[in-house]
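The values are calculated or read from the model by the stated rules, or taken from the named source; none is laboratory data. Everything numeric in this text was worked out from a predicted model, so none of it was measured. Don't worry about glycine lacking a Cβ; one is built from the backbone with ideal geometry, like all the others, and counts go over all protein chains shown.
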Amino acid sequence: MFLSLRQGGPQAKKSPRRARSHSARAAAALLFFALLALAAPTRAANSGGATFALPSMQFANPGYVGVYRPDASDATGGNVTIDTGITGPIIGGFSDAGNANGNSVTVTGGTHTGEGIYGGFSDGSGSASNNIVTITGGAISTMVFGGYSQAGTATGNTLRIFGTPDLRNSGLVGGRFHWDGMSALQDTRTGNTLEIHTLNLQTSGIDNFQHFRFYLPDTVRAGDTVLTVDNGVVIETPSSGPSTAPTTVGVGIVGGGTPLAVNDTVTLIKSTSFLFADTGMTNTTTGMAGISSLYTFGLETTVNSLLARVTSIEQTDESVRKSPSEGKAAGVALVTQGADLAAGPGMGNARAAAVLGADNMAQAGWAGFGATSGGTSRYATGSHVDVQSFSLMTGLAKRLPVSGTDLLVGAFFETSVGSYDSHNETAAGDSITARGDSRSNGGGLLGRVEATDGMARGLYAEATVRAGRLSSDYRSDDLNPTLGEAEYDINVAYYGAHAGVGYIWNISEQAWLDLYGKYLWTHTTGADVRILGDPVTFDDVDSYRTRLGARFGYALNKCITPYTGAAWEYEFDGTAHSVVAGVDAPAPTLKGGTGVGEAGIIWKPLPDSGFSLDLGAQGYTGVREGVGGNLSLMYEF
């Protein structure tokens, strides 16, 4: 902070030079740190590792290593990110005599002319398997290995390439072992995968891959080339040796905007010399454009190229395009369960708490109340969605003195959390599953009026209004396995209201019967997302429900009152419409009838205490099937 200086008077005689000196120093210091802060984001930095002098005879320079084990222990979990050039080797995990498995290296930039890039490196007889090297940028003029072992296996490694890195002077190798003449041949091919997520790459060579995965961007055009190799290419399945697993090729298209048509070809691999591939490569493979279109590719080979030819284009199975909307439907189900809590146990507990408060405080105070519910339900949506949920409502309520009526007002906060699993099936019988989580937070107002005198005694009307935010996510590995996991996250608004009428018949001093009807409306807004490159629009969803039911209670004494009830509920809408890549998708719906049964007990520790507890259980059958429970607390302030 700058020091202030006053002019004139005795204050000015007190070391003005010292004050100015301190101010200048403070200003200079602030300026220095500000310049550092501004400069920091522009400075490139490598992360996740450290520099080590490696014991391997293979390296002349120190290496940048994520996990370093100079003994026989395993090197696992290394994760380094590189964006500046390094003279020595770059290694995710290094073990001198153990395994180097499950490590990763990500290269985002820089010029690399060093001693190789390795996902995992074992300097002994350990394996170097299940490592990942991801390249998104930079200029690389050195070899890139998924895994490297001096005398062990190197399998299950993955090289992933995105963007426009310069690989012209680099070789791409799935696995390699250094045979010193004393070790048996080891498997360095099985399970190794080359993933390419871009076009127009060039490299000096590829070796020891069993799987090739080509993820074509939606900008791909007929005649484009994915990978050019400046040497001969051998991708045919070995007839002998430690790995005879068949070579596989997968083609996918990211997004639905591609202009490819039937009979168009894309060159997947082009060699400047020769290409040897299995004759079986002519087998048809399929590639989905995002989640909306299904491209059937025929694989063809020439003397120096591997090509994919489009043989047909169709819409994907309805269940694939429907599945993302199941996540939206699950979120709607969670919000409607919150509405049930507010219109049911929440309203009842607010009334009971306010009655206690009014009786004990001459109708002058606010009473606190709370209610929770939870359970597991299966919703028949045309397929089905399983929802596990927990809801909480807490607030304040007050009973107002109005002649001939019992008037209740209150305000509350609500939150719900849940997880879901959705299940669909394609026409071919394949399962399409998805999973996700939902959470809502909001608040609302409640009111209730009941006639206490005359012929209308026992009649009541009630209402709630509520609003908040709903966040949901979605994950599925089944929509387009070639492109990987499909996912989205949305955050939308919800709002709604309920109105109800009923009649409480006091059969005796101990027994009562509550007959009621309720109408519940909930609205959730829509959202726009992209799923595996395809644009998806989720429409607004409205839920319109009616519930007719009855509840019977009998006070065993002043402390314990058990109750039981039944209701019939009908959902008139609850349909989660969506548009996938400009085409309407099949919509899951919550529409239909559900029977509800309940039983519970209200307990007061002391007859005249300001505290009571309501514990109940519910069962559902119909469109919604499952069980649930609620716990409600009432306390007079």
#### Entry: In the stretch 558-587, the residues that are touching a residue at least 40 places away in the same chain (Cβ under 8 Å), of a type in the set (S, T, N, Q) and under 30 Å from Leu513 (Cα atoms)
Thr561
### Task
Could you check how many residues of the stretch 443-467 are without any contact (Cβ under 8 Å) to a residue 60 or more places away in the chain and assigned to a strand (DSSP E or B)?
12
### Query
Given the structure, is Gly592 among the small types (Gly, Ala, Ser) and at positive phi?
yes
### Task
Looking for whichever is farther than 30 Å from Ile291 by Cα, buried (at least 21 other Cβ atoms within 10 Å of the Cβ) and not aliphatic (A, V, I, L, M) here; the options are Gly174, Gly152, Gly156. Which one fits?
Gly152
### Task
May I ask you to list the residues in the stretch 94-115 that are within 35 Å of the chain's Cα centre (by Cα) and assigned to a loop (DSSP other than H, G, I, E, B)?
Asn99, Gly102, Asn103, Thr108, Gly109, Gly110
### Task
Spot the failing condition for Thr188; the list is (1) part of a loop (DSSP other than H, G, I, E, B); (2) within 26 Å of Gly290 (Cα to Cα), and only one is missed.
(2)
### Query
Quick check: anything in the stretch 159-176 over 28 Å from the mean Cα position of the chain (by Cα), of a type in the set (S, T, N, Q), under 17 Å from Pro242 (Cβ atoms) and assigned to a loop (DSSP other than H, G, I, E, B)?
no
### Task
From Ile161, Ile196, grab the single residue that is free of Cβ contacts under 8 Å to residues at least 60 places away in the same chain and surrounded by fewer than 23 Cβ atoms within 10 Å (Cβ to Cβ).
Ile196
### In the stretch 458-495, residue surrounded by the fewest Cβ atoms within 10 Å (Cβ to Cβ) [restricted to those that are among the aromatic types (Phe, Trp, Tyr) and within 16 Å of the chain's Cα centre (by Cα)]
Tyr488
### Task
With respect to Ser578, determine if the residue is modelled with pLDDT under 90 and polar (S, T, N, Q).
no
### Query
Is it true that Leu479 is within 18 Å of Thr381 (Cβ to Cβ) and not in a strand (DSSP E or B)?
yes
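Here's the yes/no breakdown for (1) over 18 Å from Glu462 (Cβ atoms); (2) outside any strand (DSSP E or B); (3) modelled with pLDDT under 95:
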position	(1), (2), (3)
Ile504	no, no, yes
Leu515	no, no, no
His523	yes, no, no
Val529	yes, no, no
Pro535	yes, no, yes
Thr546	no, no, no
Gly553	no, no, yes
Glu569	no, no, no
Asp584	yes, no, yes
## Note on the structure
If we ask which residues in the stretch 258-277 are at pLDDT below 90 and either charged (D, E, K, R) or surrounded by fewer than 17 Cβ atoms within 10 Å (Cβ to Cβ) (or both), their number turns out to be 1
### Task
May I ask you to say which residue of Gly114, Gly98, Gly102, Gly137 is small (Gly, Ala, Ser), surrounded by fewer than 24 Cβ atoms within 10 Å (Cβ to Cβ) and modelled with pLDDT under 95?
Gly114
### Query
Among the residues of the stretch 401-412, is any farther than 19 Å from Gly348 by Cα and out of contact with any Asp or Glu (no Cβ under 6 Å at 6 or more places or on another chain)?
yes
#### Entry: Selection status of Leu479, touching a helix residue (DSSP H, G or I) at 6+ places or on another chain (Cβ under 6 Å) and closer than 30 Å to Gly549 by Cβ
no
